[in-house]
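Before any comments, here is the structure.
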């Protein structure tokens with residue numbers, strides 16, 4: 001039977017570990033809202049990827065998940081053909097830990113990631129969930145959509161009346177690519 005970590009203990013452990021590994025605690029726990037232009041500007045690479053391996057491990061009393069991706073298209077920069085992103089949270093050693101804002105991946109899943117290359121070639125996702133766009137294909141139309149893991153900002157669109165969050169979460173993949181191209185200029 002799995003043992004669930006207490007919320008306070010897990011949060012304290014996550015903050016301590018994030019600080020220990022040099023990740024800005026304030027940025028990791030409450031990232032500023034970023035649009036595609038800002039995500040692109042901050043990213044070393046923007047790439048369409050396929051998740052090829054997910055492995056959770058226990059380190060110093062905290063659960064970490066190593067997510068390995070294979071690049072299928074590069075939209076910005078020249079990323080390595082395969083890279084791993086280490087994120088807090090997951091299940092290992094009979095414990096489960098969830099860190100809000102840290103995306104979770106499954107093998108075979110496709111996404112567009114906005115990533116930076118930090119400290120000795122460690123790859124990080126810009127804004128964690130904000131820099132993660134899942135790719136889904138419409139069964140009806142066959143059009144691929146990019147679905148952002150999270151979108152902050154609740155302003156309503158003047159054009160459609162929908163919340164900005166709804167509009168940013170689901171956009172055609174080709175539109176996202178165009179936005180990245182425009183942001184690179």
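Some notes on this structure:
- Contacts under 9 angstrom Cβ, first residue in segment 53-67 being free of Cβ contacts under 8 Å to residues at least 60 places away in the same chain and on the phi > 0 side of the Ramachandran plot, partner surrounded by 13 or more Cβ atoms within 10 Å (Cβ to Cβ) and in a strand (DSSP E or B), 6 or more apart: 61/95
- Residue 64, sole failed condition from (1) buried (at least 18 other Cβ atoms within 10 Å of the Cβ); (2) more than 13 Å from the chain's Cα centre (by Cα); (3) closer than 25 Å to residue 136 by Cβ: (3)
- Some residue of segment 92-114 being buried (at least 21 other Cβ atoms within 10 Å of the Cβ) and more than 13 Å from the chain's Cα centre (by Cα): yes
- Residue in segment 96-107 that is part of a strand (DSSP E or B), at pLDDT 95 or above and either in contact with a strand residue (DSSP E or B) (Cβ under 7 Å, 6 or more places away or on another chain) or within 15 Å of residue 47 (Cβ to Cβ) (or both) present: no
- Residue check: residue 155 meets all listed conditions (1) modelled with pLDDT under 95; (2) surrounded by 15 or more Cβ atoms within 10 Å (Cβ to Cβ) but one, namely (2).
The values are calculated or read from the model by the stated rules, or taken from the named source; none is laboratory data. Just so we're clear, the structure is a prediction, and the values are computed from it rather than from any experiment. Cβ sites come from the backbone with ideal geometry, for glycine too, and all protein chains shown count toward neighbours.
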